[in-house]
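Comments concern the structure below.
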Amino acid sequence: MLTPRFEVNQTEISIIITILAPYTNIQKTEIQVLEDDVRFYSAPYYLRLTLPGKVKEGPNSSAEYLADRKSYVITLDKIVPGEVFPNLNMLTVMLQPKGQKASSSKPVIELISSSSYDDSSESFEIAGDEWFIEQKMEEVLPTQKLLQQYSYGFGTNHNGLGTKYEVELAEVTEISNPDCLSFLQRSVLQEETENHKFSDDHYFQDLMVTDLSSILNYKLKLSTFQELTKLDRDQLKNFVNQEFIFDKKEQIRLYLGVVDIIFAFLYDLRINEGKSCVESQWNISRLSSTLCYFQVFDNMDDMIRSGIRRSLSCPLYRHWDLSMKVLWDTHKIISTGKFKYVL
């Protein structure tokens, strides 16, 4: 069976499910609805959705086939009119059967204790001293002591890729041996490289000679990033729904890593005035230290500093006002809370 492309929208009283299913037999199409469980079958397509709220077949419900769009449009009444169904863009989550945990290709976390995480139990919090900051040497795990391997990537959950994907990594990163470098060593190497690459002549050329007026005056269209395209939906429905459990510190690092990549993406978008080009992949991978140095950030200041430094030392256009424009673009995108690429 094939999983069709679909989208889910809502009104105050209804849920509207649009399913692209061309070349099907309408007479043999079946639709079943049981509260939050909606099933669609029309050979060769099968779709089962677990909605974030309950629906029913009511006076406003309908199902029709739009021949010009080759799509079925199913309208169902909300059991509780006015209820807002959250995360209707999270297509992968709705494809997950009810009650089934998100899958993972390997263990993400080992449960040592069933007690819940409590920020107040952190050992560095000293009564009466709110400004105390923990000073701690970088911890080396036992396996790292033996193998000298350090982790990196999403949730710092990967290692050993340096030898397995040596050629591929060279196209994205600026370090060839991430397994042998700690976070601190990566940071030192990154800053040394940026200091070496920064050119007074290049910066002065862009500041005083190069005409960047059209780039600096480019207006970011927020609506472009708030709606999923057909390609986005196709990619989402094919993703495996995985569940990760991270502590508060790791969550902050993940969020800041995403913002760092968004900064690089928006720099490329601005210099190309809303389009991408053959150099876009290089621009984004080189501007984001999350990608090119497997860097992690514990606070926003360090992330901003890294993005600004790289924007003034690596790409074709190096201009302080340009960097500030990109930083403001990033702020606007994050502030909307609907940046589709974060999905």
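The values are calculated or read from the model by the stated rules, or taken from the named source; none is laboratory data. The model shown is predicted, which means the values in this text are computed figures rather than measured ones. Neighbour counts run over all protein chains shown; Cβ positions are idealised from the backbone, glycine included. Note: accessible area is taken over every heavy atom of the protein model, side chains too, but ligands, DNA and RNA are not part of it. Shrake-Rupley method; radii C 1.70, N 1.55, O 1.52, S 1.80 Å.
Candidates are the residues of the stretch 179-226 that are basic (Lys, Arg) and exposed (fewer than 14 other Cβ atoms within 10 Å of the Cβ); the one that is farthest from the chain's Cα centre (by Cα) is 219.
Got a number for residues in the stretch 266-291 being touching a residue at least 60 places away in the same chain (Cβ under 8 Å) and aromatic (Phe, Trp, Tyr)? Qualifying residue count for the region: 0.
Residues of the stretch 49-60 that are open to solvent by 80 Å² or more (accessible area, probe 1.4 Å) and within 18 Å of residue 95 (Cα to Cα): 54 alone. In a residue-by-residue description of the stretch 311-326, the property of being polar (S, T, N, Q) and part of a loop (DSSP other than H, G, I, E, B) applies to at least one position. Of all residues in the stretch 233-241, at least one satisfies being of a type in the set (A, V, I, L, M, F, W, C) and surrounded by fewer than 17 Cβ atoms within 10 Å (Cβ to Cβ). Has the stretch 245-259 got any residue that is free of Cβ contacts under 8 Å to residues at least 12 places away in the same chain and more than 29 Å from residue 315 (Cα to Cα)? Among the residues of the stretch 245-259, at least one is free of Cβ contacts under 8 Å to residues at least 12 places away in the same chain and more than 29 Å from residue 315 (Cα to Cα), which makes the answer yes. Restricting attention to the stretch 5-32, the residues that are surrounded by 15 or more Cβ atoms within 10 Å (Cβ to Cβ) and of a type in the set (Lys, Arg) total 1.
Scanning the stretch 260-280 for residues that are in a helix (DSSP H, G or I) and over 16 Å from the mean Cα position of the chain (by Cα) turns up 267, 268, 269, 270, 271, 280. Restricting the search to helices (runs of 4 or more DSSP H) fully inside the stretch 131-237 and requiring at least 2 residues that are in contact with a helix residue (DSSP H, G or I) (Cβ under 7 Å, 6 or more places away or on another chain) and modelled with pLDDT of 90 or more gives 183-197, 213-216. In this structure, residue 336 does not satisfy being in contact with a Gly (Cβ under 9 Å, 6 or more places away or on another chain) and touching a residue at least 60 places away in the same chain (Cβ under 8 Å). For the stretch 61-92, a residue qualifies if it is within 17 Å of residue 21 (Cα to Cα), in contact (Cβ under 8 Å) with a residue 12 or more places away in the chain and either open to solvent by less than 40 Å² (accessible area, probe 1.4 Å) or part of a loop (DSSP other than H, G, I, E, B) (or both), and the qualifying residues are 69, 70, 71, 72, 73, 74, 75, 91. From the list 243, 250, the lone residue that is touching a Gly at 6+ places or on another chain (Cβ under 9 Å), within 20 Å of residue 151 (Cα to Cα) and of a type outside the set (Gly, Ala, Ser) is 250.
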